[in-house]
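So the structure is just underneath, and the comments pick up after that.
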């Protein structure tokens, strides 16, 4: 069964409070040298064949990502 | 290539995208006249956002002047024009409150739009020097069962809860109303109340040459650029959702830290003036501060801390990144200011210096990119006397009286109607919404939704408190905007008085369609006139407000929706009047006021027949004053045990709510047509419960103020049924099922 991986990130111009919180915590924990943190979401879907990539993009755009503030990448993994 | 002032002089014929930025040709030419040259791209950005409808009030200004012309009020400490008005509530305390709209962003991105709406209004209140103590949200959505309402409402409610709860601010009330007209254009209004001592009031002005301007709070990013002009001043096309301009994401935890940081800075008396960064961001803050103060400021834009180093200067000036403030500080106080910010881990940067040049100058990469008289940007923008025209359909609408609509003819039909009405989306229990808000955090909430008004304690030792209510009825305003605005005012006023508080001041959020439509502009002018006349009659000042135009889908405007907020003072919150029946034994029920067969714009006509026509209920502000006086005095004397305002759904709705709130039944007998008695929406009426031994004194009080009283019956703690003599008896369990089931069925049980 093909596996589809969708990675969702906030658009670069959008504030990421969680990423900022992680960035703020790193030096307190002794991890120096990190300039920026952006947090996103990672989805793995198992889908029936044949894979309809356009339909999957529609799926991701409708439910997995909020396209007002987020963007996503979609990869179909070969078996 | 930087578009510097010099470059603008050298290239006078360089074409500029003023119309894309929302400026009309004549407005652009006015800028050319003011500057004596073409504006730089940064100047154009600033003028375009500041001259947008949202920032400049260019269509509404000529009407809003009426609020400033109201008689002077002793209570008013700071009036219209500042970030929020301030009123004196006694004992050295001052209260500031204001309501704003975040309608368009909340349609585009419901969660973040509503959340940043809370963030913005809270910063407005903070800017006055006050500690924010409570928020409220009047909301309007499309039909409850419409798919898009399923998208918008849960997001908006979660956003309000998410942001407000993180700030630790109780959400003490508001409204949730459904109507077809709001389907493509929900209304998300947010009110905030703040408390301070008189001496703590702060103003938004940059005075004192040599003082510095400190930008503090979150870093500036590319979010919401142009949001203010694009989002707030343009109509959504009929194909709505496709147009998705950039929105902002807020961070309530940053805002919470910013609030505490600001309050510490205020306590140390370190600022000369302060301004929050909301719509139009730095463009607004720098021009408004200098325009209101000494008149000059020099900004070094390179110093603005950025989240994204690739931003262009125009973008930095227009960015609406959240959780930012601007303070004017004496040079001697800068170190102390910075120390406090460092302790709160708030980024703070000196970005500008106040001078007496009369110009706002901004440098970027050692080049002058802005050189303007700040007043021309902030306070002397275009002012329009837009054409007004009475809507062509108004006479037909008013002639279509709901008297011809079929009414229940048997007591069985009336009983069934009652159950349908209490379960209708507009009248049903709103717990699904309000339980997502923290209503009691901080421990000072005395009354919150579903009570008539939110009441918060201000002083623990004396019990001094404030009551706030918001109301608005777009259907009434559609039928008669003058009366509609007054009915909204009267209802909010009555709601405040019902809790035992004395009304003191008014704020408003005027939600209308496009001002370029003469019919909408007529509605707006009528509503403002009605509100101003109403405030004069009630002896209340307008402390400020907000105008939201362009609330329409395609060329279809929303019903005119003036939302009116009234704030009142209660000397001791322990004396407040709640709405629940059954708190004392032997309660009798009274109705204050007169009931007429008034069904124009009523909830019954709308929810049962989808009918909107006729005339709204008559307004009698003298009566409202008398009723309020009776209720405040009765609360002070401890005469009444419960009171509830009659509005949407009439007496039937009020009885059901009071019985269910107290888990007790009631026996009610009605004179005349029971349908009219139960469902008329005549104004100026309040349902009161009191112990039978207080009846004589209370009746005397009503007589003294010429308020008519009708005995309705009694509360029955022993009998879990609401009985209307000779007509209907409905067990509370049946009422409760109908009343509470609607929203969970529509939006999930969560």
- Message: I need B:533, B:395 ordered by Cβ neighbour count within 10 Å, fewest first.
- Response: B:395, B:533
- Fewest Cβ neighbours within 10 Å first, please rank B:54, B:14 accordingly. B:14, B:54
- Would you mind calculating the relative contact order of chain B from Cα pairs under 8 angstrom and at least 6 residues apart, reporting the percent as a whole number? 15
- Query: Kirkwood hydrodynamic radius for the stretch B:322-379: how many Å is it when counted over pairs of different Cα atoms?
  - Reply: 13.7
- the stretch B:134-159 versus the stretch B:640-657: alpha-carbon centroid distance in Å: 25
- Roughly what angle does helix B:41-50 make with the longest principal axis of chain B, taking Cα atoms, 0 to 90 degrees, to the nearest 10? 20
- Item | Cα principal axis extents for the stretch B:261-365, largest first, Å | 35, 32, 25
- Note on chain A: C-alpha Rg/Rh, Kirkwood Rh, two decimals, gives 1.11
- Note on the structure: Taking Cα atoms, the helix B:252-267 axis meets the longest principal axis of chain B at an angle in degrees (rounded to 10) of 80
- When you have a sec, figure out the Kirkwood radius of chain B from all distinct Cα pair distances and drop it here in Å to one decimal? 26.5
- Task: Please express the Cα-Cα pair-distance distribution P(r) of the protein assembly as shown as a list of whole percents, one per 10 Å bin, running from 0 to the bin with the greatest distance.
- Result: 2, 13, 23, 25, 19, 11, 6, 2, 0
- Note on the structure: With Cα coordinates, the longest principal axis of chain B makes an angle with the long axis of helix B:147-167, in degrees rounded to 10, of 70
- Dimensions (Å) - the stretch B:446-565, Cα atoms, principal axes, largest first: 54, 28, 21
- Item | Residue exposure sequence - B:180, B:718, B:459, B:124 - by fewest surrounding Cβ within 10 Å | B:718, B:180, B:459, B:124
- Item | Percent of beta bridges antiparallel (DSSP, the protein assembly as shown, rounded to nearest 5) | 85
- What is the Cα centroid distance between the stretch B:680-750 and the stretch B:58-88, reported in whole angstrom? 38
- Is it possible to state the helix-based mean residue ellipticity at 222 nm for the protein assembly as shown, with each DSSP H run of 4+ residues giving -39500 (n - 2.57), the sum divided by total residues, to the nearest 500 deg cm²/dmol? What is it? -10500 deg cm²/dmol
- Item | the stretch B:449-518: translational diffusion in µm²/s, Stokes-Einstein, Kirkwood Rh over Cα pairs, 25 °C, 0.890 mPa s | 179
- Whole-Å distance linking the alpha carbon centroid of the stretch B:1-40 with that of the stretch B:362-433 is 36
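Each reported figure results from applying straightforward, stated rules to the coordinates on display, with no laboratory input. This one's a predicted model, so the numbers in the text were calculated from it and none came from an experiment. Glycine gets a Cβ as well: all are built from the backbone with ideal geometry, and neighbour counts include every protein chain shown.
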